[in-house]
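Q: Structure below; questions to follow.
The values are calculated or read from the model by the stated rules, or taken from the named source; none is laboratory data. Keep in mind that this is a model prediction, so the values were computed, not measured. Positions of Cβ are backbone-derived with ideal geometry, glycine not excepted, and every protein chain shown enters the neighbour counts. Ligands, DNA and RNA are stripped out before the accessible areas are found, and what is left, the full protein with its side chains, is counted by its heavy atoms. Shrake-Rupley method; radii C 1.70, N 1.55, O 1.52, S 1.80 Å.
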Amino acid sequence: MRVNADFTKRVAVHFDQNEWVASPAAGVERKMLDRIGEEVARATTIVRFAPGSAFAAHTHDGGEEYLVLDGVFQDETGDFPVGSYVRNPPTSSHTPSAKDGATILVKLHQFDPADRTEVRRSIEGAEKLQLFKDDLEDVRVLSLAPNEALDLNAEKGLELFVIEGTVRESDEAFSDWDWLRLPPGTHSVATAGEAGARVWIKSGHLSQMV
């Protein structure tokens with residue numbers, strides 16, 4: 001399966017225009033943002049867990065990174081409410097579930113194979129927060145004031161996910177849970193709407209994909 005797999009192109013996916021697709025686990029649905037592979041895939045996905053749903057125990061050979069957007073996500077290590085940012089590095093394993101339901105933004109099989117750094121952080125209450133940074137990538141959350149302009153330096157690729165609010169980029173409007181991917185070697189500017197915005201940004205990690 002290949003979804004938005006040409007990393008030389010700008011890609012925008014709007015949450016309300018993207019259909020839910022059933023997963024192999026009962027009660028778990030997905031909105032695919034990009035994907036290369038079948039069930040084991042390099043993927044960026046919005047995943048919705050119905051109350052009481054779960055995935056079977058599994059190992060993340062390529063790592064897992066997620067942000068909880070709604071509800072409470074769970075595994076053997078604890079509960080992760082809205083605003084939780086988690087990195088489970090390669091070779092880690094868990095049994096994810098959502099007793100009362102949850103929605104997450106998740107990225108799979110995108111880690112440096114040698115990365116063993118675990119991250120457990122909350123973005124709640126933070127105006128600007130660097131969630132993770134190494135030689136290959138930079139992940140952060142930013143709150144933008146009304147009409148504030150944000151420089152998007154995509155020299156090595158960049159992804160922007162709107163947590164809440166609105167932004168405009170290249171004359172295209174983005175609102176809650178919309179996603180933008182800029183290819184390496186490009187530069188752009190995003191401007192927040194009248195009510196401001198909160199965005200998750202990952203950069204520096206896509207040059208190897210082109």
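Q: Report the gain in length on full extension from Ala126 to Arg2: 0.36 nm times residue separation, minus Cα-Cα distance, nm rounded to one decimal.
A: 41.1 nm
Q: Quickly work out the Asn153-to-Glu38 label distance, labels modelled 7 Å from Cα along the C-beta direction, and quote it in nm with one decimal.
A: 4.2 nm
Q: Under a Cβ-only charge scheme (Lys and Arg +1, Asp and Glu -1), can you give me the dipole magnitude of the stretch 41-164 about the Cα centre, in debye to the nearest 20?
A: On the way: 12 positive and 22 negative charges, 47 e Å.
It comes to approximately 220 debye.
Q: Rounded if a/c is under 1.5, else prolate if a/b beats b/c, else oblate: with a ≥ b ≥ c from the C-alpha gyration tensor eigenvalues square-rooted, which is the stretch 115-188?
A: Verdict is oblate for the stretch 115-188.
Q: Restricting to the chain, what percent of DSSP beta bridges are antiparallel, rounded to 5?
A: Of those bridges, close to 100 percent are antiparallel.
Q: Find which of Leu69, Ala197, Thr91 sits farthest along the positive direction of the dipole of the chain, computed with +1 on the beta-carbon of Lys and Arg, -1 on that of Asp and Glu, about the Cα centre.
A: Thr91
Q: Report the paramagnetic label zone for Trp20: residues of the stretch 33-55 whose backbone N is under 14 Å from a point 7 Å from Cα along the Cα-to-Cβ axis.
A: Residues passing the 14 Å test: 46-54.
Q: Let me ask you something else. Which FRET efficiency value, to the nearest 0.05, do you get for His187 and Ala145 by plugging their Cβ-Cβ distance into 1/(1 + (r/R0)^6) with R0 = 25 Å?
A: So the FRET efficiency works out to roughly 0.70.
Q: What is the distance in Å between the Cα centres of the stretch 69-132 and the stretch 152-204?
A: The distance from the Cα centre of the stretch 69-132 to that of the stretch 152-204 comes to 21 Å.
Q: With the full set of protein chains in place, find how many percent of the accessible area of the chain is carbon and sulfur; take the probe as 1.4 Å.
A: Heavy-atom surface of the chain belonging to carbon and sulfur, 1.4 Å probe: 49 percent.
Q: Can you list the GluC sites (Glu not before Pro) in the stretch 66-146 that are in a DSSP coil and have 16 or fewer other beta carbons within 10 angstrom?
A: Glu76, Glu118, Glu124, Glu127
Q: If you don't mind, another one. Along each of the three principal axes of the Cα atoms of the stretch 68-158, give the extent in whole Å, ordering the values from largest to smallest.
A: Per principal axis, max minus min of the Cα coordinates gives 40, 33, 16 Å.
Q: As an exercise, identify the trypsin sites (Lys or Arg not before Pro) in the stretch 84-175 lying in DSSP coil whose Cβ has no more than 12 other Cβ atoms within 10 Å. All intermediate terms of the calculation are to be shown ahead of the outcome.
A: Working: sites: Arg87, Lys99, Lys107, Arg116, Arg120, Arg121, Lys128, Lys133, Arg140, Lys156, Arg168; in loops: Lys99, Arg116, Lys156.
Counting only loop positions with at most 12 other Cβ atoms within 10 Å, the trypsin sites (Lys or Arg not before Pro) in the stretch 84-175 are Arg116.
Q: Moving to a separate point now. Label Asp135 and Thr59 with points 7 Å out from Cα along Cα→Cβ: what is the distance between them in nm?
A: If labels sit at Asp135 and Thr59, their model points lie 2.6 nm apart.
Q: Further question on the same structure: Top to bottom by accessible area (1.4 Å), largest first, where do Phe161, Phe111 land?
A: Phe111, Phe161
Q: Which of the GluC sites (Glu not before Pro) found in the stretch 1-53 are loop residues per DSSP with 12 or fewer other Cβ atoms within 10 Å of their Cβ?
A: Those that pass, being in a loop and sparsely packed, are Glu19, Glu38, Glu39.
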